[in-house]
Every structure is written in structure tokens, then in C-alpha cells.
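Structure first, commentary second.
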Amino acid sequence: MDITASDLLRNRSQREDDGSGHAKSTVTLSLPSYVKDLPSVAKLYSFFNQLTYSDGLVGALLATTKEFITSPNCDYLPDPRLGSTCNLYCCNDARYGQDDPICWPQPYNPRYPFYAAISKKPTDSHSFESSIMWLDLREGDLSFTSQALQRKIALLKPRVSVFYEGNPDSTRRTFLKENIDSINLFLTCLGTVSATLRDQQRGLTELQRAYLTAKAILDFHQLVEKPGISDTPATVDTNKMGCFVWNDTEARMLYFAGLPVFYIRPWSAFDRQIIEKVSHVIQHASHPSNASQRRIVAPKLQRNVFGDLPVDDPLVPPAIPAWRDVNETIWQDGVTVQKKLLVAPDAGLFFGLQTESCQAPYFFMWQHFRPVYLRCLHAGTLPRSVEFWRKMLSYPFLNLVERNAKVTGKLQIQLEAQIYVEDSIKAYNANMAFHPPSLKGAADPVIARRLIQLMHTDKLLDQSRPQPSRDLTIAELDVAVSRHQRERNGLIEQIFFYIGLEPDPSIDYGIVAVDWGTRYKALKKFCALLDTWHGDKSLLWRRGIDMDLIKMEYAEGAQWERLLAEFYVQNVFSVLGRPLSLPRRL
């Protein structure tokens, strides 16, 4: 909203003495008739008196913070770096853009006030030597020598010596010495050390930063801290960087020293200030270099290990109604989820959140390796980590590692998977290729169903296995374990209705059968197996054994089947610390 003439008179007719040389006015001012015709009454500052540090040649609104920014001695407003934290990037010119005090005005810092006196690149000079302290090193500048740098630094050294003599114990002396040491260090490196263009650019930039900071300390001392400074505002030096301030003390100090002032205040602090021109803040144009940009990685989504497999994937075998989402009923309190050690790849590796371009090669690699794996499983194989199986399925895409290479971390897992694939295939068939013949086309859903059923069969826990005790000799324990194993194998055979490592690829048997009568017989054997496990069993537990539920598929039968599934997954999780893949149909 524009300021009216009456508002301006009310604000300016009674000015307090703010120490800026403007005394309180006791005269009632009358506006000339021509003033009323001006497009903006704000421009009347020239009629009354000059601007003070709290007024502005230009002003702008910072929409983010709802503050005003003004400058009493500059006709431009740089964009302030607002916020408590921000990322720091090294830009293409080896500087730090808006966060670099030699590139952009910074917020006033009482510990480093001299940053306001940083010299900007002269706009009226085109010679190489005069602009060398602001040079952005390019390939065309590779022939530059350190002579121009040395001549520039030589002009600074007498001022440094005078400052040392007059300020033997000041903090500024310490800062100044640090920057002079940096100048000497980088000057030596640039003149004697062979380096790439980027390293030379960084070295030159650090030398420039040290030079400009040292010069700023001397200039700030001369303009602000030197005794005898006049109360009359000095002419602004537009070649200085200036800084952002938030209070009258700092704004007045810099204003009278002739340094650019960029005063930021909330709107409520505006009372008697005059703004000549409403403007916009200037954005910094430097951009991060490719090497320094922080790589923004899309969040890696993880499949919910307690959730079911995706229903919209055509390769996922259908779920059994009573087993659907049963892992989500697991009570997790008191049990720490542990990493999986599996005898075969988990279904989540195939049906996780990776793209189809990864899913299909996994299936083809497993189809190629499956006969070899079954031979290894029959002979006995150790459980492996999920990462191991992922590397094994990714074998066609691995950058193979030398077997004798010294590796650590994930590369060690990759090497183990690589050796496992190659040695297993050689032992199975010396003429067999390590890679599948093709990685394109449609995968067979039967492969997934067989793999899931294999995992389920292998992980049927047997908590009733005979354990060593003082009452049993080693021979008696071996006999008891062998007898128990035969009985268990017979029970599992009746649960799944097949013998071997994998089910028939075309028929649903046992507890996965579609026919309720067939499934009910298998569920009774499954209940008998689970009855040997520890855990609380509800009153419904014996119902499927004691009662004939053959005609109660959709009532007590479905309820009892779900009860067995929930008891099974809870016990598996309590012992292993992780959920398992669930049985599925064709």
C-alpha cells in the first residue's frame, strides 16, 4: 500500500535524535503544491533531508520470512541466505557460491565483521593483472604465471607490516597472520607443484580467498575500527561486498564507514522509514559443479517382510485363502527381527520392489541353475544370507572378481556367490555354461511356485527332535534321532502328499489342495506335527481332530485352518526371529 502525504508528514515532522546528526524538528512542514502531483510521496526524502541508515534507496519484501530488506546506500539488494542450516556446495568456479564471503554478502558476524569489507571484482578494469584475484581459471589461462600474483601480494605486505606494529596482540592480527600464511603456502604450491586444472583452480581460489580476506581485515580496520572516525556518513564504496544486518547498531556502523548495508527487519519495525524504490532481490547465479553435487538418491523402498506377495504380479502363485496375510498376525513384541539365512532364494527377491527388468533375469538365472541347486541340496547345503542369493541371481550382470583378490564387505559376498555358481556348475556338468542361454521372454510361474513350496517344506520346524541328555548314550541318541527323522519325513509326506525336494508342477497336493476333503486330511497331519511344538493352543485346537469337519469347510473348518496357520507362523517367528514364505497354489 502506498504511503500518503499525511502519513509522510506525520512520520517526518517529529524525528527523534537517533545519533545520526538529525535533530528533532519543531517546525510544522507544509508540502508544496507540486509535491501532491508526484506519483510516489515516498520520493519526498530529497525535499526534507537525506536518507539515514534506517531508510532505503531500494526496498523489497522477503516473502519467505515476511520481512523487509532495505539498503540506504546501494541501488541493488542481494538475496540473503536465510535458514539455520543449509548444504554447502563447491561450484564450477571452485568457490562456494552464495555461502562464500568472497562471492556474496554474508550475515553480519561479530567475530568476522571484516567480511563486509571484502573487495569485489573491479568492473572498470579489463587487464589480466588487476583482475587476477578474481580470476576464474579456465583451460585458456593455463599459461598464467605467478608473477602477477606476486606483484599483487607485494602491494599488500607493507600494509600488513604496519598493522602488525600497531596491533601486536589483537584477534585481527591472528586472523591476518593465518591468511598471510595461506597466501604463501598456495603461492608456493602453484609455482612448484604439478597438478590438474581442477587442483590448480582450487589452489588459486584459496589463495584469492586468503588475499581478499587479509585485505578486508586491513580495510575494515581503517574504515571502522581506526580511532578518529567521523560522524559524517562516508561515501559508499560500491566495490566492497557489504553484509546483511538485523539491528540498528550494525547498520549504523557500516553505513557511516561507507560499506554497503542490507538491513533486514520485520514489517512491524517500520515506522518512520522512507523507501525510494521498491525492487526485487538479486539471485546468485553460480551453480554447483558436477563433482560436488550431492547425489540425490531416490528412497529405496523395502518390501514389508510381514506382508503377502503382491497380488498384481502375474508370476505370483495364488494364495490359499486361510493363509492369506497370515504373517501380519505375528506378535512381534520381545522378538528381534533377525537377518535371514536361507537354503534357497526367498520369494521376496523375485517379487520385491525392483523393476521388471531385474525380475525376469532373476527368474531365468534361477531356472538355469535350479538342476544344479537341487543336486547340491540333496547332498546337503548350508543356509545363506539374502544378499548372497541376490548376488547369485545377479551373476550374469556381475563384474567378476579375481578369486585370489583381497576383498571386503559386499564384494566379499559377491566373490562367494561367484565361486558358488561356478564351482557348482562345474561339478554338475563340466560343459554347462555359467550364464543362462537367454535373459529375455516370459518367465514360467511354475518356477516361483516350486521355489516357494521348497522353502516352506524345508523350514517346517521340528521342536520335538530328541536332544542330548545324561540319560542317553551317543548311540541311543543317534537311534532316537534317526527314528524321529523317519517319522517326521512320513508325516511331512502326508502333509504335502509328495516325496522329494519339489512338488509336482501341475497338481495342488496336501494342505495346498483346492478340494476341501483332500486338504482336510493333510491338515490333520499338519495339526499332529504342530501339536509337538510348544506354545499356547486355544480351545479350538483339537476341534479338527476330535470332530469331523468334512462338511464344515466354510464355518468351523475355515476357522480351524486359519488357527493352524497363525500358530505355525507365530512359532516360526519366535524361534527364527523372521517370517517365512507361505505355501501357495498353482
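Mind checking which residues of region 418-442 are over 16 Å from residue 361 (Cα atoms) and small (Gly, Ala, Ser)?
Answer for region 418-442, where residues must be over 16 Å from residue 361 (Cα atoms) and small (Gly, Ala, Ser): 424, 427, 430.
Cβ-Cβ under 6 Å, sequence separation 6+ or interchain: first residue in region 471-488 and in the same structural domain as residue 529 (by TED's automatic domain parsing) and under 23 Å from residue 529 (Cα atoms), partner of a type outside the set (Val, Ile, Thr) and modelled with pLDDT under 85. Which pairs?
The qualifying pairs are 477/468; 480/466; 481/466; 484/466; 488/462.
Mind listing whichever residues of region 373-395 are of a type outside the set (A, V, I, L, M, F, W, C), surrounded by fewer than 18 Cβ atoms within 10 Å (Cβ to Cβ) and over 30 Å from the mean Cα position of the chain (by Cα)? Let's see the steps before the verdict.
First, the residues of region 373-395 that are of a type outside the set (A, V, I, L, M, F, W, C): 373, 375, 378, 380-381, 383-385, 387, 390-391, 394-395.
Remaining after also requiring surrounded by fewer than 18 Cβ atoms within 10 Å (Cβ to Cβ): 375, 378, 380-381, 383, 385, 387, 394.
Listed by number, the residues that qualify are 375, 378, 380, 381, 383.
Give all pairs with beta carbons closer than 6 Å in which a residue from region 373-387 that is in the same structural domain as residue 339 (by TED's automatic domain parsing) meets a residue that is assigned to a helix (DSSP H, G or I); count only pairs at least 6 apart in sequence or on separate chains.
Final answer for the pair search is 375/428; 376/424; 387/413.
With (1) modelled with pLDDT of 80 or more; (2) exposed (fewer than 14 other Cβ atoms within 10 Å of the Cβ); (3) part of a helix (DSSP H, G or I) as the list, and residue 561 as the residue in question, which single condition is left unmet?
(2)
Report the residue count in region 410-437 for those that are in contact (Cβ under 8 Å) with a residue 12 or more places away in the chain and of a type in the set (Lys, Arg).
Selection size over region 410-437: 1.
Are any of the residues in region 225-238 acidic (Asp, Glu), in a helix (DSSP H, G or I), more than 30 Å from residue 279 (Cβ to Cβ) and within 38 Å of the chain's Cα centre (by Cα)? I'd like the intermediate steps shown before the answer.
In the first step, residues of region 225-238 are kept if they are acidic (Asp, Glu); the result is 225, 231, 237.
From the residues that got through so far, the ones that are in a helix (DSSP H, G or I) too are 225.
Now narrow it down to the ones that are more than 30 Å from residue 279 (Cβ to Cβ): 225.
If we keep only those that are within 38 Å of the chain's Cα centre (by Cα) too, we end up with none.
The answer is no, given that none of the residues of region 225-238 is acidic (Asp, Glu), in a helix (DSSP H, G or I), more than 30 Å from residue 279 (Cβ to Cβ) and within 38 Å of the chain's Cα centre (by Cα).
If I ask for residues that are closer than 17 Å to residue 112 by Cβ and not aromatic (Phe, Trp, Tyr), which ones from region 156-189 would you list? Explain how you work it out, then say what you get.
Our first condition is that a residue be closer than 17 Å to residue 112 by Cβ; within region 156-189, this holds for 163, 167, 170-180, 182.
167, 170, 171, 172, 173, 174, 176, 177, 178, 179, 180, 182 - these are the residues of region 156-189 that are closer than 17 Å to residue 112 by Cβ and not aromatic (Phe, Trp, Tyr).
On the given criteria, is residue 209 over 21 Å from residue 91 (Cβ atoms), assigned by TED's automatic domain parsing to the domain that holds residue 258, in a helix (DSSP H, G or I) and in contact (Cβ under 8 Å) with a residue 12 or more places away in the chain? Before you say what the answer is, go through the steps one by one.
Numbers: over 21 Å from residue 91 (Cβ atoms): no; assigned by TED's automatic domain parsing to the domain that holds residue 258: yes; in a helix (DSSP H, G or I): yes; in contact (Cβ under 8 Å) with a residue 12 or more places away in the chain: yes.
The answer is no for residue 209.
Let me confirm something: among 145, 238, 192, 171, which residue is at pLDDT 85 or above and in the same structural domain as residue 262 (by TED's automatic domain parsing)?
Numbers: 145 fails: at pLDDT 85 or above; 192 fails: at pLDDT 85 or above; 171 fails: at pLDDT 85 or above.
Testing whether each residue is at pLDDT 85 or above and in the same structural domain as residue 262 (by TED's automatic domain parsing) leaves just 238.
The values are calculated or read from the model by the stated rules, or taken from the named source; none is laboratory data. All values reported here derive from a predicted model rather than from experimental measurement. When we count neighbours, we look across all protein chains shown, and the Cβ atoms used for this are built from the backbone with ideal geometry, even at glycine.
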